[in-house]
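These notes are about the structure you will find just below.
The values are calculated or read from the model by the stated rules, or taken from the named source; none is laboratory data. No experiment lies behind these values; they were computed from the predicted model shown. Methodologically, a virtual Cβ is constructed for each residue, glycine included, from the backbone with ideal geometry; neighbour enumeration extends over all protein chains shown.
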Amino acid sequence: APVLLWFERDLRLADNPALTAAIAGGRPVLPVFVLDDETPGAWRPGGASRWWLHHSLAALAGALGRLGLPLVLRRGNAEAVIPALAAEAGAAAVTWTRRYEPWNRARDARIKETLTAAGVTATSHNGTLLHEPWTVKTGDGRPYQVFTPYWRAIRGRAGPDRPLPAPPSATAPASVPHGLELAALDLLPTRPDWAGGLRQAWQPGEDGARQRLAAFVRRGLKGYGAGRDRPDRAGTSMLSPHLHFGEISPGTAWTAVDGAGAADPALAADAEAYLRELGWREFSYQLLFHHDDLADAALRPEYGAFPWRDDPAGLAAWQRGRTGYPIVDAGMRQLWQTGWMHNRVRMVAASFLIKDLLLPWQAGERWFWDTLVDADLANNAASWQWVAGCGADAAPFFRIFNPVLQGQKFDPDGSYVRRFVPELARLPDRWVHQPWAAPSAVLADAGVRLGQDYPRPIVDHAAARPRALAALATLKETA
Ligand code: FAD
């Protein structure tokens, strides 16, 4: 009787404990992926994630094929599909990688019960995190709410084990239940095909992930500590979608970077800065683990009463990168074109939506969910709450980014803005982050007609700041 190996967000062969365990038993292995849009409800994967998933599944099917294994694709509620498929295949066991979204945890617990009652062994493994959320607790046994002590606690532990190698061989079952064609999952955009920029920017799948990590360790790691804040430099690993889909394990990234830092003292501080970011990912997952509604409701309940504005035109301008603030618009257009945005610019663009436009952070979270290739329930929700000041260990609400100063500091010669907002490309450095302040002769020279080629600011930051602080003050009065 075969082992059903259920893939979901662990789309890799290397360092995949569920896969290793399935093969170790010596039984035939039947890999399966179920597109389950029912269980997550409104949080089913968005457009960019679906594009990625399609290509990642194609890559996984290819890699499994080289091992001699099929990949059975199904669609539907996994709670029904998995036990049915196990019965159909006559499986003795089902094994998978643990998930952390509250609805998936509940679903998986029910599936375990159903399988066990049917005499099928059900086992889950940790293939997503460095540390299971329930194993990291404060001295008095509570989950951490503050990052630095959390980080100290996990940094002090032994690092991850050496990554498991991809298995050299496996046995397929004699008969394979039918599955869908990949195309039948309907994951790709049809018309319009907005995925051209994504195709150019990314190679989904385990090979693409491994190449990114290798390139980062070779070229990006040096200077990462300071350079990670510079959107005009390709200074970060861009591993986030690969990590989200589990095409590479966090342990593999950790081991590679930690090893590079240990081998070369000149890289030690940069390596430490990178490991700390992996620590933020862990921290976000443990927040989600302890707060089921992290993606929907403010962790600080008083923020539920925040007097948000209703401004569909403002929201649309932000989404399309037409706010009139170049650093914000460059970020939003990078997101739309490539499915990714630099972290510094994510913070600036999110702060603009929340504090300059006074629109609810959940509206931005939703847009990111649909457009990011790395859209991740834990990281996205925790980060939006962080910027909004309503999360765990969040930036205080009153710390409001000035989009001009942020642009000048982190994109000093405007090359990031010029790349994504080409209508401003010919403006001199001095004005590229504040075109409305440029003398009209300079604008004319650069071929910029404000209000036509590029919008005037949709809100005056100097006035938006006190407005945001006044809104915050109403909260304090009601709290
Ligand atoms: P690197 O700098 O190379 O970092 C390495 C890895 O560490 C990343 O791949 C990521 O897995 C993790 N990481 C880095 N920064 C963070 C962080 N602040 N929080 C949690 N994990 C982090 N990240 C997502 O993966 N998915 C999201 O949906 C997401 N939404 C965000 C929304 C907002 C408003 C903000 C401010 C940040 C968001 N982030 C999200 C966090 C961060 O911006 C991205 O992880 C990072 O930009 C990915 O690029 P990278 O892989 O080059 O990062």
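Brief remarks on what is shown
- Each residue in the stretch 104-144 was checked for being assigned by TED's automatic domain parsing to the domain that holds Asp10 and of a type in the set (Lys, Arg), and 4 of them qualify.
- Selected residue [under 21 Å from Ala330 (Cα atoms) and in contact with a Lys or Arg (Cβ under 6 Å, 6 or more places away or on another chain)] from Leu443, Leu450, Leu424, Leu405: Leu450
- Looking across the stretch 361-370, just one residue is under 14 Å from Gly391 (Cβ atoms) and more than 9 Å from the ligand (Cβ to nearest atom), and that is Gln362.
- Listed conditions (1) more than 14 Å from Leu129 (Cβ to Cβ); (2) near the ligand (Cβ under 10 Å from one of its atoms); (3) not acidic (Asp, Glu) are all met by Ala253, apart from (1).
- Some residue of the stretch 41-57 being over 23 Å from Ala89 (Cα atoms), of a type in the set (D, E, K, R) and assigned to a loop (DSSP other than H, G, I, E, B): yes
- Within the stretch 14-40, being surrounded by fewer than 23 Cβ atoms within 10 Å (Cβ to Cβ), at pLDDT 95 or above and in a loop (DSSP other than H, G, I, E, B) holds for Ala14, Arg27, Pro28, Asp36, Asp37, Glu38, Thr39, Pro40.
- Residues in the stretch 133-147 that are in contact (Cβ under 8 Å) with a residue 24 or more places away in the chain and closer than 30 Å to Leu11 by Cβ: Pro133, Trp134, Val136, Pro143, Tyr144, Phe147.
- Here Phe147 meets the list (1) closer than 30 Å to Lys112 by Cβ; (2) at pLDDT 95 or above almost entirely, failing just condition (1).
- Filter result (of a type outside the set (A, V, I, L, M) and either free of Cβ contacts under 8 Å to residues at least 12 places away in the same chain or under 21 Å from Gly339 (Cα atoms) (or both)) within the stretch 386-400: Trp386, Pro396, Arg399
To keep it simple, each residue is scored yes or no on (1) at pLDDT 95 or above; (2) within 14 Å of the ligand (Cβ to nearest atom); (3) not assigned by TED's automatic domain parsing to the domain that holds Asp393.
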site	(1), (2), (3)
Ala295	yes, yes, yes
Pro312	yes, no, no
Gly324	yes, no, no
Asp329	yes, no, no
Ile354	yes, yes, no
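- Failed criterion for Ala464 (all others in (1) within 24 Å of Pro312 (Cα to Cα); (2) within 34 Å of the chain's Cα centre (by Cα); (3) surrounded by fewer than 16 Cβ atoms within 10 Å (Cβ to Cβ) hold): (3)
- Which listed residue is out of contact with any strand residue (DSSP E or B) (no Cβ under 7 Å at 6 or more places or on another chain), closer than 26 Å to Pro412 by Cβ and not acidic (Asp, Glu), from Ala313, Ala349: Ala349
- The condition (being touching a Gly at 6+ places or on another chain (Cβ under 8 Å) and surrounded by fewer than 21 Cβ atoms within 10 Å (Cβ to Cβ)) is satisfied by just one residue among Ala268, Ala215, Ala184: Ala268.
- Listed by position, the helices (runs of 4 or more DSSP H) contained in the stretch 292-411 that have at least 3 residues being surrounded by 20 or more Cβ atoms within 10 Å (Cβ to Cβ) and among the aromatic types (Phe, Trp, Tyr) are 361-371.
- Filter pass, Trp369 being among the aromatic types (Phe, Trp, Tyr) and farther than 15 Å from Leu472 by Cα: yes
Conditions (1) touching a helix residue (DSSP H, G or I) at 6+ places or on another chain (Cβ under 8 Å); (2) under 26 Å from Ala381 (Cα atoms); (3) not acidic (Asp, Glu), marked per residue:
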{"residue": "Pro2", "(1), (2), (3)": "yes, no, yes"}
{"residue": "Leu11", "(1), (2), (3)": "yes, yes, yes"}
{"residue": "Leu19", "(1), (2), (3)": "no, no, yes"}
{"residue": "Ile23", "(1), (2), (3)": "no, no, yes"}
{"residue": "Gly26", "(1), (2), (3)": "no, no, yes"}
{"residue": "Pro31", "(1), (2), (3)": "yes, no, yes"}
{"residue": "Asp37", "(1), (2), (3)": "no, yes, no"}
{"residue": "Gly47", "(1), (2), (3)": "yes, yes, yes"}
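- Cβ separations smaller than 9 Å between residues 6+ apart or across chains give the following pairs from the stretch 277-288 residues that are in the same structural domain as Gly141 (by TED's automatic domain parsing) to residues that are acidic (Asp, Glu) and modelled with pLDDT under 95: Phe283/Asp393.
- Hits in the stretch 309-329 - residues which are free of Cβ contacts under 8 Å to residues at least 60 places away in the same chain and touching a Leu at 6+ places or on another chain (Cβ under 7 Å): Arg309, Asp311, Leu315, Trp318
- In the stretch 371-401, the residues that are away from the ligand (no atom under 11 Å from the Cβ) and either of a type in the set (Val, Ile, Thr) or within 24 Å of Arg99 (Cβ to Cβ) (or both): Ala392, Ile400
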